[in-house]
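Trainee: What follows is a structure written as structure tokens; I'll ask about it next.
The values are calculated or read from the model by the stated rules, or taken from the named source; none is laboratory data. Just so you know, these numbers come straight off a predicted model, no measurement behind them. Here the Cβ positions follow ideal geometry from the backbone for every residue, glycine too, while neighbour counts run over all protein chains shown.
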Amino acid sequence: MGNPKGVRRDFDGLERRRLQAVAMLEQGLSESEVARRLQVSHTSVNRWSRVLAKHGAKGLQQAGRAGRKPRLGAEELKRLEQGLVKGPEALGYETPLWTLWRVSHLIEQEFGVRYHPGHVWKLLRQLQWSCQRPEGRARERNEQAIQHWKKVEWPRIKKKPKKRDAP
């Protein structure tokens, strides 16, 4: 089930609740009464009670962070960003456009860690880099001629709606 998207678990609050359950169980309250008072399921209290019997209160303390540890630490992410700022030309690419494949190649060369190109965007988002697409504009583009065409030529040749009474 878990939490709604974007809502982080309060690990300290969860640990406090487990330790409150320990105190209540040690006072002699039944598992059902502890579950009712803490507004948790009886199954959770039963599980906590078994851990308490086997490992003591220390077994119910916070386990630490959830999930797998990141492959790149904070220092390595800083180095990655420095590599990104240098541009893909520093890696030998011809164009100054970072793609996910190129970033994964940079990570593999720099840190010896392989990331699937489809997952690199998570690192880029963590570094607050956004996905941007280059504009497809010609180098020979004449802005004045374009503005003239938009303001003068286009209105002149554009079809206008006929009036109701017009034949």
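Trainee: Could you list all residues from the range 101-128 that are part of a loop (DSSP other than H, G, I, E, B) and surrounded by fewer than 15 Cβ atoms within 10 Å (Cβ to Cβ)?
Mentor: Answer for the range 101-128, where residues must be part of a loop (DSSP other than H, G, I, E, B) and surrounded by fewer than 15 Cβ atoms within 10 Å (Cβ to Cβ): 112, 113, 114, 116, 127, 128.
Trainee: How about the range 6-39: which of its residues are of a type in the set (A, V, I, L, M, F, W, C) and either closer than 23 Å to residue 67 by Cβ or in a helix (DSSP H, G or I) (or both)? It would help to see each step written out before you state the result.
Mentor: Our first condition is that a residue be of a type in the set (A, V, I, L, M, F, W, C); within the range 6-39, this holds for 7, 11, 14, 19, 21-25, 29, 34-35, 38.
Passing the criteria: 7, 11, 14, 19, 21, 22, 23, 24, 25, 34, 35, 38.
Trainee: Based on this model, can you work out whether residue 71 counts as in contact (Cβ under 8 Å) with a residue 40 or more places away in the chain and closer than 30 Å to residue 120 by Cβ?
Mentor: Here the answer is yes, as residue 71 does meet what is asked.
Trainee: Residue 149 - would you say it is of a type in the set (A, V, I, L, M, F, W, C) and surrounded by 11 or more Cβ atoms within 10 Å (Cβ to Cβ)? If you could, list the steps in order and put the result at the bottom.
Mentor: Values: of a type in the set (A, V, I, L, M, F, W, C): yes; surrounded by 11 or more Cβ atoms within 10 Å (Cβ to Cβ): yes.
Considered against the rule, which asks whether it is of a type in the set (A, V, I, L, M, F, W, C) and surrounded by 11 or more Cβ atoms within 10 Å (Cβ to Cβ), residue 149 comes out as yes.
Trainee: Restricted to the range 113-167, and to residues that are of a type in the set (S, T, N, Q) and more than 20 Å from the chain's Cα centre (by Cα), which residue is modelled with the lowest pLDDT? Explain how you work it out, then say what you get.
Mentor: Kept after step one, since they are of a type in the set (S, T, N, Q), are these residues of the range 113-167: 126, 128, 130, 132, 142, 144, 147.
In the following step, the residues that additionally are more than 20 Å from the chain's Cα centre (by Cα) were identified as 142, 144, 147.
Working: 142: 90, 144: 93, 147: 93.
This residue is 142.
Trainee: Related question: So for the range 80-98 (the condition being acidic (Asp, Glu), under 30 Å from residue 9 (Cα atoms) and surrounded by 10 or more Cβ atoms within 10 Å (Cβ to Cβ)), does at least one residue qualify?
Mentor: Yes, the range 80-98 has at least one match.
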